[in-house]
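One structure below.
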Amino acid sequence: MLTLIKNGYVIDPASGREGRYDVLIDGERISRVEADISEEVLQQQAKETGEQLDVIDAVNQYVMPGFIDLHVHLREPGFEYKETIATGAKAAAAGGWTTICPMPNTRPATDSADMIRLVLSRAEQEAAVNILPVGAVTLGQAGSELVNIKELKAAGAVALSEDGKSVMDTALYMEAMRQAAYYQIPIFAHCEDKSLVGTGVINAGKKAKELGLIGISNAVEDIITARDILMAKESGVQLHLCHISTRDSAKMLALAKEEGLPITGEVCPHHFTLSEEDITSVDSNYKMNPPLRKPEDVEALKKALQEDVIDVIATDHAPHSAEEKAKSMGEAPFGIVGSETAFALVITELIEKGYLTPTQMVEKMSLNPARILGIDRGSIDVGMVADLVIADPTAEYTIDKNSFYSKGKNTPFHGRKVRGRIISTFVAGRRVYHKQA
Ligand code: DOR
Ligand code: ZN
Ligand code: ZN
């Protein structure tokens, strides 16, 4: 099967291409990227060989390597009422993500080779996109006993993370980092000081006071960011800082990079789009961990993205049921969905406002995540697997949570006007999502 994508605006930082190109997919791979690939010649060829040829007109649309989300929660096994591997993968495809990394906080947690294999086999059978699981750092994410890192890696874990919390036992975490460095598997760090966070709900600031809620200070995150960077330096592990939300954590990442340490960081769309000031009512769709911070933090995150201090945009897609999120701010679980709104928020908040170029967007949503994972993805050059996304960067619409493929409708962006729409998503040459007109 051949698919010819005509007239699109190709953005491929790995090859340095940005401009109008035609792209030909032959089976699972990209076979040609040229200024003008003749449809007539291909038609003739297809007729002779009996091969099927699909032609897609992508005029005025971006053609990019498929996005790679280093941070999602798929909830299977254990919490299938929130999301399953199948529904989470569909939501990802609709958002332009062709590879996603589910975090281990399922039930049971992804803390053994068997659990990794279970996720991979279900993904193989049911998922529309590539699923690369993240293993836990400690058994049951209980914080007291290390997983078998060698076995997890051999089974297919691409990273280790205690996401949802931090490993608070520093000595144990240091041992994990040393082993992870030895087995060459990165650690994705959720930075949160458990003793300091207490029962905090939203950012410690004006809003928390106004609403009478317990606050979460920046120090809750920054203390562990500092610790984890220092530990990575000593252990030599490849460290990736999840969902950076504070200006000081961004600064510390910049310092770590200046030293040449193999440390990267991600920011989530909600953290560069919203601040605590956007929390207008006691609506738990504004409750996530880390929380929405002050406008100064939001500005610092956007600058850090612009200056390439922050390497990655990931969603922390965290589906919960309507019943759970209908609870009070204090009682509802942390987290919002993000797979299906990320691209539009990047276009609307970062590209249109001049913080990022289209090339930087693709670096942060595809190429850099691929490099962090060490996978042969993140580019649509000749010979690469055809994981790619076609999107209309100017289409204007209103986000409607009822249109989500995700089971989770927990978003603070319902009703928000945005620009940027995913049109088609391809995984290994197969179209796994197409926007119905
Ligand atoms: O908001 C969040 N939700 N932050 C986390 O760290 C965990 C996640 C979840 O699993 O729901
Ligand atoms: Zn987290
Ligand atoms: Zn998370």
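No lab work stands behind these numbers, since they all come straight from the coordinates. Predicted, not measured: the structure shown is a model, and the values here were computed from it. Neighbour counts are summed over all protein chains in view; Cβ atoms, including those assigned to glycine, are modelled from backbone coordinates with ideal geometry.
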Here the relative contact order (percent) of the chain, from C-alpha pairs under 8 Å and at least 6 apart, is 20
Per-residue ellipticity at 222 nm attributable to helices in the chain (runs of n ≥ 4 DSSP H, -39500 (n - 2.57) apiece, nearest 500 deg cm²/dmol) works out to -8500 deg cm²/dmol
What translational D, rounded to a whole number of µm²/s, comes out for the stretch 284-425 from Stokes-Einstein when the hydrodynamic radius is the Kirkwood one over Cα pairs, at 37 °C and 0.692 mPa s?
198
Among DSSP beta bridges lying fully in the stretch 34-160, give the percent that are antiparallel, nearest 5.
10
Put in order of increasing Cβ neighbours within 10 Å, starting from the fewest, 427, 55, 237, 385 give 55, 385, 427, 237
Enter the angle in degrees (range 0 to 90, nearest 10) between the Cα long axis of helix 39-49 and the first principal axis of the Cα atoms of the chain, meaning the one along which they spread out most.
80
If R₀ is 35 angstrom, what is the calculated FRET efficiency for the pair residue 214 and residue 382, using the beta carbon separation as r and rounding to 0.05?
0.05
Give me the distance in nm between label points sitting 7 Å out from Cα along the Cα-to-Cβ direction at residue 331 and residue 18, one decimal.
5.0
Computed over the stretch 87-155, the distribution of all Cα-Cα distances in 10 Å bins, rounded to whole %, is 23, 48, 25, 5
Under the 0.36 nm per residue contour assumption, what length would be gained going from the current alpha-carbon distance of residue 435 and residue 230 to full extension?
69.2 nm
Approximate spin-label separation residue 28-residue 144, in nm, with each point projected 7 Å along Cα-to-Cβ
4.4
Considering only C-alpha atoms, what is the centroid distance from the stretch 208-267 to the stretch 271-340, in Å?
16
In 10 Å bins starting at zero, report the fraction of Cα pairs in the stretch 172-249 per bin as a rounded %.
19, 42, 25, 12, 3
Translational diffusion coefficient, Stokes-Einstein: compute it for the chain using the Kirkwood radius over C-alpha pairs as Rh, at 25 °C and 0.890 mPa s, and state it as an integer in µm² s⁻¹.
112
Residue-count net charge about residue 206 - beta-carbon cut-off 15 Å; Lys, Arg +1, Asp, Glu -1:
-2
Here, residue 251 and residue 48, labelled 7 Å along Cα→Cβ, have an inter-label distance in nm of 6.6
Rounded to the nearest 5, the percent of DSSP beta bridges in the chain running antiparallel is 55
What do you get for the angle between helix 295-306 and the principal long axis of the chain? Use alpha-carbon atoms, 0 to 90 degrees, nearest ten.
40
Ranked highest first by average number of other Cβ atoms within 10 Å, how do 413-421, 111-119 line up?
111-119, 413-421
FRET efficiency estimate (nearest 0.05) - Cβ-Cβ, residue 124 to residue 38, R0 45 angstrom
0.75
Roughly what angle does helix 113-126 make with the longest principal axis of the chain, taking Cα atoms, 0 to 90 degrees, to the nearest 10?
40
